[in-house]
Amino acid sequence: MADATINRQSATQRVSVRLVLASASPRRLELLAQVGIVPDAVCPADIEEIPYAGELPRVHAERLAREKAAFIARREDEAFVLAADTVVACGRRILPKAEDEATAAQCLDLLRGRAHRVYTGISLVTAGRQTTKSVMTRVVFANFSQADQKAYLKSGEWHGKAGGYAIQGRAAALIRSVNGSYSNVVGLPLYETVNLLKGMGFPPYPCS
């Protein structure tokens with residue numbers, strides 16, 4: 001994405017601010033665009049994402065979001081830096097991002113016919129201040145057949161997805177219910193993110 005500064009009109013003065021998204025996820029860009037927010041730059045944070053021993057899923061998601069935002073803020077000290085990290089968990093177990101079909105199949109075997117939780121940590125840094133929070137959504141998979149699982153694996157949509165599935169794709173046909181924020185499961189809880197930006201003083205985009 002081109003690096004550009006967008007001028008936004010406030011009630012009393014015209015201000016120029018930068019919003020930097022510290023994530024390479026195209027899904028997060030799409031979600032922000034749904035509510036009229038287009039980052040001025042996308043700068044993925046290159047940090048280690050392995051959970052600490054005994055680290056709980058919510059704590060893990062918040063820590064990674066906080067570290068990603070802080071990492072990029074070191075070189076974007078005059079911007080609003082937004083970062084997020086999404087974790088799929090069964091109980092205390094953090095499921096991996098599926099980089100191969102075998103891992104995706106293992107995740108789906110575990111999730112079939114049961115409830116699990118999706119946590120997204122979101123963190124915003126500006127002017128030396130940082131706020132971090134997390135959102136949880138409960139997702140219940142149907143007791144789908146092996147044929148259904150095989151068809152989903154063949155689609156390849158699972159690649160790079162936490163827990164081996166993408167709710168916004170074909171996996172929606174395998175999910176019985178979602179309790180909480182849907183956009184959180186996709187990768188960014190929009191209501192909470194917008195209110196975090198507002199609370200930290202980010203000028204709103206015009207509605208037009």
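The values are calculated or read from the model by the stated rules, or taken from the named source; none is laboratory data. Everything quoted here is computed from the prediction, not taken from an experiment. Positions of Cβ are backbone-derived with ideal geometry, glycine not excepted, and every protein chain shown enters the neighbour counts.
Among the residues of region 48-80 satisfying the criterion of being charged (D, E, K, R) and part of a loop (DSSP other than H, G, I, E, B), which is modelled with the lowest pLDDT? So, considering only residues that are charged (D, E, K, R) and part of a loop (DSSP other than H, G, I, E, B), the one modelled with the lowest pLDDT is Asp77. Residue under question is Ser155, and the condition is that it be surrounded by fewer than 19 Cβ atoms within 10 Å (Cβ to Cβ), without any contact (Cβ under 8 Å) to a residue 12 or more places away in the chain and more than 27 Å from Leu56 (Cα to Cα); does it hold? For Ser155, the condition - surrounded by fewer than 19 Cβ atoms within 10 Å (Cβ to Cβ), without any contact (Cβ under 8 Å) to a residue 12 or more places away in the chain and more than 27 Å from Leu56 (Cα to Cα) - is not met. Scanning region 143-199 for residues being among the β-branched types (Val, Ile, Thr) and either out of contact with any strand residue (DSSP E or B) (no Cβ under 7 Å at 6 or more places or on another chain) or assigned to a loop (DSSP other than H, G, I, E, B) (or both) gives a total of 3. Inclusion of Asp85 among residues that are of a type in the set (D, E, K, R) and not in a strand (DSSP E or B) is not warranted.
Considering only residues in region 113-138 that are part of a strand (DSSP E or B) and of a type in the set (D, E, K, R), the one that is surrounded by the fewest Cβ atoms within 10 Å (Cβ to Cβ) turns out to be Arg129.
Can you find even one residue in region 162-184 that is under 19 Å from Leu64 (Cβ atoms), of a type in the set (D, E, K, R) and out of contact with any Leu (no Cβ under 8 Å at 6 or more places or on another chain)? Checked against the condition, which is being under 19 Å from Leu64 (Cβ atoms), of a type in the set (D, E, K, R) and out of contact with any Leu (no Cβ under 8 Å at 6 or more places or on another chain), region 162-184 yields no hits at all.
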